[in-house]
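Readers should treat all values here as calculations from the given coordinates under stated rules, not as data from a laboratory. Bear in mind the structure is a predicted one, so any value in this text is a computation, not a measurement. Heads up, the Cβs are rebuilt from the backbone with ideal geometry, glycines too, and the neighbour counts pull from every protein chain shown.
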Amino acid sequence: MTNIPETGRTPRVQIRLIVIQILVLSLLGTLGGRLWYLQIREGAAYAKEASGNHVQQVVDPAMRGSILDARGVPLADNETRLVVSASRTDLLKQKDDGKAVLTKLAAVLGMAPAEVMMKVRLCDAKTPQPCWNGSPYQPIPITDEATPKQALQIRERAEDFPGISAEPQAVRRYPAPGKSNTAQVLGYLSPVTDDEIQQAQDTDSPYLRSDQVGRSGLERQYDKQLRGKAGVTRYEVDNLGRVIGEAEATPAEPGSNLVTSIDARVQRVAEYELNAAMKKARQQFDKITGTNYKADSGAVVVMEAKTGRVVAMASAPTYDPNVWVGGISAKDYARLTGKKSDYPLLNRAIQGQAAPGSTFKVVSTAAAVEAGYEFDGHYPCTSAYSVGGQVFNNFEGESFGPISLGRALEVSCDTVFYGLAHNEWKKDGGINPKKGEPKDYFYKAAHQFGLGKETGLDLPNEVTGRVPDRQWKESYWKANKDAWCRTGKKDGSYVEKIAYENCLEGNKMRAGDEINYSIGQGDTLVTPIQEAVIYGALANGGTMYHPTIGKAIVSADGKTVSEIKPRKQGRLPITKATLKGMDQALAGVVTRGTAAWKFTGWPQEQIPLHAKTGTAEVYGKQTTSWLATYTKDYTVIMTIAQAGTGSGASGEAVRNIYSAMYGVQADGTIDKKKALLPAPQAALPKIQADGSITSPKISKDPAKDALADEEAAQKATSQGTTAPDGTQPAATTGSTGTANRDTRRRQRRRGRGRGSRRACS
Amino acid sequence: MTGANSFSVSGYGPERAGWTRVFARDAMARRLDWPILLAAIALSFIGSLLVFSATRNRTEINQGDPYYFLIRHAMNTGIGLALMIGTIWLGHRTLRNAVPVLYGLSVLGILLVLTPLGSTVNGAHSWIVLGGGFSLQPSEFVKITIILGMAMLLSARVDAGDKPHPDHRTVLQALGLAAVPMLIVMLMPDLGSVMVMVIIVLGVLLASGASNRWIFGLLGAGALGAVAVWQLHILDDYQIARFAAFANPELDPAGVGYNTNQARIAIGSGGLTGAGLFHGSQTTGQFVPEQQTDFVFTVAGEELGFVGAGLIIVLLGVVLWRACRIARDSSDLYGTVVAAGIVAWFAFQSFENVGMTLGIMPVTGLPLPFVSYGGTSMFAVWVAVGLLQSIKVQRPLSA
């Protein structure tokens, strides 16, 4: 071959070859870029899609754990029921969207067709309950109370009921042992929503479509532990859905059981007594409003003083938690949440707040001692205290002369605290406080007593209450001054005058504010559980606990028991000596003070009882009654709205609760056999080798068992009321007392600038 | 000039014996284009793994032998290598002389497909089943004969020194030569192969130095033709469906869009390093159809990840880059045009194949060179590699 010079290619060809080369490389670059985009940038999304592609899940739902009382009695457990459910997807495939099938089904179940239709519609903003707020792809339960006969009818004629199934399922049950209700504490379940599934997707406890989720109370607080983990077997399938391997199998982990410190029997007694007290209050005449007391809501808390464990917590009005099981009906839902309802879902022990009335005086006493006043000093308990033309009366215009702070607690002398608070207010600089920090002993003490913040109880949505300190007044005034200044008139009606005053100086701490505050009236708000913490601390020597209801979480196999230990919140800002003095004074309330008329014949020697009564004024409503009590082991707080005085409304009820717990008989003797809980239940219920928890038998109605004793006790107390002289040595409160107490504040308002004329219309 | 033999002995220096001869500066082994050869072997090797992974569980097609496709792929590669050596030995210039015979044979082959002897696979009537699990796809060889034939015509007068560029008459003849087999393939119909041939014709014309008017004229005609094909409903329904699914993969995820969707999921789920060879769940679950042939790249994407799939693209890049160099360095226009034709062929077929699995090209039944399972296409690409090597080897040493 001869050497052929490279004349074969002209520049044109050379340029074109380079163009081809560039083109080829850019094509490959495009592929590389696209590959990077798919695999690196969008890789995660495709990986997810791929796993959804070839993995089929078979879900084995976990059995939800039980909620048990302190002795192992189930307060919430599961039972097998015949559940009839409808598949929306199957119904929508039918010509009439399944109307005919649902109508037929309604006939079999004995329900109204309209009701069945409502149950299968989906919830949205415009659709009220009943409706389905779970996943539309999940079978919607229509009833969980089908009889075996109904279930058979449906299953035997499956072709007549396309999309309908009737199968036994485990459903939640609230067995109400011993007639205890515990509704607001237990809470309730409802189907998981799409949003929740999304949110929980990447957490360690994702939801399943079929899950029920705790919505309030313990069911919500301990939802994660109670729920357990559903067993999931993931099968790898091929493009035709054939199983080609088992990717992953996690067995179902049944939810743990929650042992609480609630004692079902005491709970029942507390509920019964609260209800009875409210009923009784409604028969009492309120002279101020000229009608009977409304007694429209109330709460009672029984707490172990030395641990903060809640033994009973009742809220009235209440409801049957079983209405939630298997989907709630429209009527029930309206009754529970409608505008006309009395909001029975609220747990008033932690979500009801009111001014504390005289139960607040323990805080004021501590504040006074902190401010430098001797506990055993002498302070004038006059019949009235006047500040700049404004007259603050003592209760019923009583006067006791110079008395100690302890005695002031005992007889609930308002004017002693008026004087101290007013003094401190002046020391802090009066209406225009000195530069630098005003001392504000009375407000600081309230914060130190844990007011104005949650107690940290293990229940959701606890409210904080309120301490109306300078900071709060400033922010409240800022928020409202525009409205006040608009509506306020100097010489207008009562409301207009108040608005006028508030507009001018609502941001300032006025003498009247602090004076009023010192006896627990005015803008202060507390919850029953906050009171329980304070009085529990007084009982145990000064330690405030975060109250707890959960006591232990026991795994389903019983092998893991994680105890929920009592947690200290802090100490009361009181010295040992002062505490002792207050303790004695509060015992005096029971023996010769404001609560004595309800506790005649109480075995005070054996079971020293301490109490403080309170009657809080609520503008436009009847007074709220408070009764805060404690023994060495327990504290019992009862409050009833619009029910008059603390001792009058709750005295017997609280006494009966103690009687049932300690076995105190009508004649004041103690029958230990009848005592429900003479000492706190320290040990956990016995856990069997198989993980089941033994529960003792519980009588049909512990409240009724004690009834005989109660009746006798009632007799004794009514005797006491009918024969007040001799049995009630100290200041007594009765219905007349209430009336007076209530007018006092109104009178102050009206009396401003007009002297102290009683204007009770 | 009768091939490589005359070049194995140098014209100077003493006779060298043994292996030193193989590595002598002017020896055959030294003059081969090793990057292309190694890259092509690597691609075939990776291909065999991917084909194995895609077929080892598919008892309905592998006759119960998990190694059925692996062995065949290896055999095909071996035969391909032999064909390459044969091609080098003959030399591309010898084959130029044989063009009339080759052209005639290949056209006869595709005509045979149209007779009852041919079989239909996936809508394309382009196969001749030989029995024993072997079948031939003559349109693959047509690609080679078109390249050789056109190159022969276009370069004849330029290489003879008569003209700087092929004249219009020559170009027309060359186009006519290509048009005949293309029409026949279109009748099969094997649209994918026709598209490859169109690109080959364009590449060949470009490299031959034909007038710009021809290039733009052809591009315009191609566009018009595409519109005409669309308007006159020449395409089969399945072909239209593929294009529609390309434009909108969500259109019919269970039907035509299924392939592209599943392919994209398979590749996307691979991530950086992939699920590991034989561990791709999309592959094991057979979610991607035709995975050992047209969609073989998805196995790489899923099981080897960006690293492995990227390596395939890089290896293809090596082959194409070297082929471009060979085209530019060829001693005559004939070699340049042949190499350019092969570049156009490989480049388009790779881009189309990988592009369709990545969702940036419509689905057509084209194999990925070296990697996809398939005898005829494997033979054809190795013959093409032989041609490239021959062009490289027969180029006189500079200086």
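If you average 1/r over all unlike Cα pairs in the stretch A:56-260 and invert the result, what Kirkwood radius do you get in angstrom?
This gives a value of 18.8 Å.
Where does each of B:60-68, A:578-586 land if you order them by average Cβ count within 10 Å, highest first?
Put in order of decreasing packing, that is A:578-586, B:60-68.
Taking the Cα centre of the stretch A:311-414 as origin, work out the dipole magnitude from +1 charges on Lys and Arg Cβ and -1 charges on Asp and Glu Cβ, in debye rounded to 20.
Magnitude of the dipole: close to 680 debye.
Between A:K444 and A:D124, how high is the FRET efficiency from 1/(1 + (r/R0)^6) when r is the Cβ-Cβ distance and R₀ = 60 Å? Nearest 0.05.
Once rounded, the FRET efficiency stands at 0.75.
Per residue of B:357-363, how many C-beta atoms from partner chains lie within 10 Å of its own C-beta, taken as a mean?
Going residue by residue through B:357-363 and averaging, the value is 3.
Could you tell me the distance between the Cα centroids of the stretch A:671-706 and the stretch A:150-164, to the nearest Å?
For the stretch A:671-706 versus the stretch A:150-164, the Cα centre distance is 45 Å.
Based on the Cα gyration tensor of the stretch B:38-132, what are the three equivalent ellipsoid semi-axes, each the root of five times an eigenvalue, rounded to whole Å and given largest first?
29, 23, 10
Under the 0.36 nm per residue contour assumption, what length would be gained going from the current alpha-carbon distance of A:D90 and A:T575 to full extension?
Roughly 167.4 nm would be gained on extension.
Return the Cα extents of the stretch B:89-197 along principal axes one, two and three, sorted largest first, each rounded to a whole Å.
On the principal axes, the stretch B:89-197 reaches 50, 31, 19 Å in Cα extent.
Can you sort A:F392, A:F161 by how many other beta carbons sit within 10 Å, fewest first?
A:F161, A:F392
Residue separation times 0.36 nm, minus the C-alpha to C-alpha distance between A:L23 and A:E437: what's the value?
Gain on extension, A:L23 to A:E437, equals 141.0 nm.
Dipole magnitude of the stretch A:56-260 about its Cα centre, charges +1 at Lys/Arg Cβ and -1 at Asp/Glu Cβ only, in debye to the nearest 20?
680 debye
Arrange A:K576, A:K179, A:K339 by Cβ neighbour counts within 10 Å, fewest through most, would you?
If I rank by nearby Cβ atoms, fewest first, I get A:K339, A:K576, A:K179.
From zero outward in steps of 10 Å, how is the percent of C-alpha pairs of chain A spread across the bins?
With 10 Å bins starting at 0, P(r) equals 3, 12, 19, 20, 15, 12, 8, 5, 2, 2, 1, 1, 0, 0, 0.
To the nearest Å, what is the center-to-center distance of the stretch A:510-538 and the stretch A:594-668, using C-alpha atoms only?
Result: 18 Å between the Cα centres.
Need one value for B:304-313: mean number of C-beta atoms belonging to other chains within 10 Å of its residues' C-beta atoms.
Partner-chain Cβ atoms within 10 Å, mean over residues of B:304-313: 3.
Per DSSP H run of at least 4 residues, take -39500 (n - 2.57); add these up for chain A, divide by its residues and hand me the 222 nm value, nearest 500 deg cm²/dmol.
-11000 deg cm²/dmol
What is the distance in Å between the Cα centroid of the stretch A:287-306 and that of the stretch A:368-425?
27 Å
With the dipole of chain A worked out from charges on the C-beta (+1 for Lys and Arg, -1 for Asp and Glu) around the Cα centre, which of A:P162, A:W477, A:T524 lies farthest toward the positive end?
Sorting the options by dipole projection puts first A:W477.
For A:D667 paired with A:Q688, estimate the spin-label separation in nm (one decimal), with each label point 7 Å from Cα along the Cα-to-Cβ line.
4.3 nm
Between A:A334 and A:C485, what FRET efficiency follows from the Cβ-Cβ distance if R0 is 56 Å, with the result rounded to 0.05?
Efficiency, rounded to the nearest 0.05: 0.90.
Filter A:K306/A:K576; A:K632/A:K697; A:K435/A:K508; A:K306/A:K551; A:K280/A:K632 down to the pairs with a C-alpha to C-alpha distance above 18 Å, please.
Among A:K306/A:K576; A:K632/A:K697; A:K435/A:K508; A:K306/A:K551; A:K280/A:K632, the Cα-Cα distance tops 18 Å for A:K632/A:K697; A:K280/A:K632.
Taking beta carbons within 10 Å but only from partner chains, what does the mean come to for residues B:258-269?
5
Largest first and to the nearest Å, give the Cα extent of the stretch A:538-642 along each principal axis.
The Cα atoms of the stretch A:538-642 stretch 52, 40, 32 Å along their principal axes.
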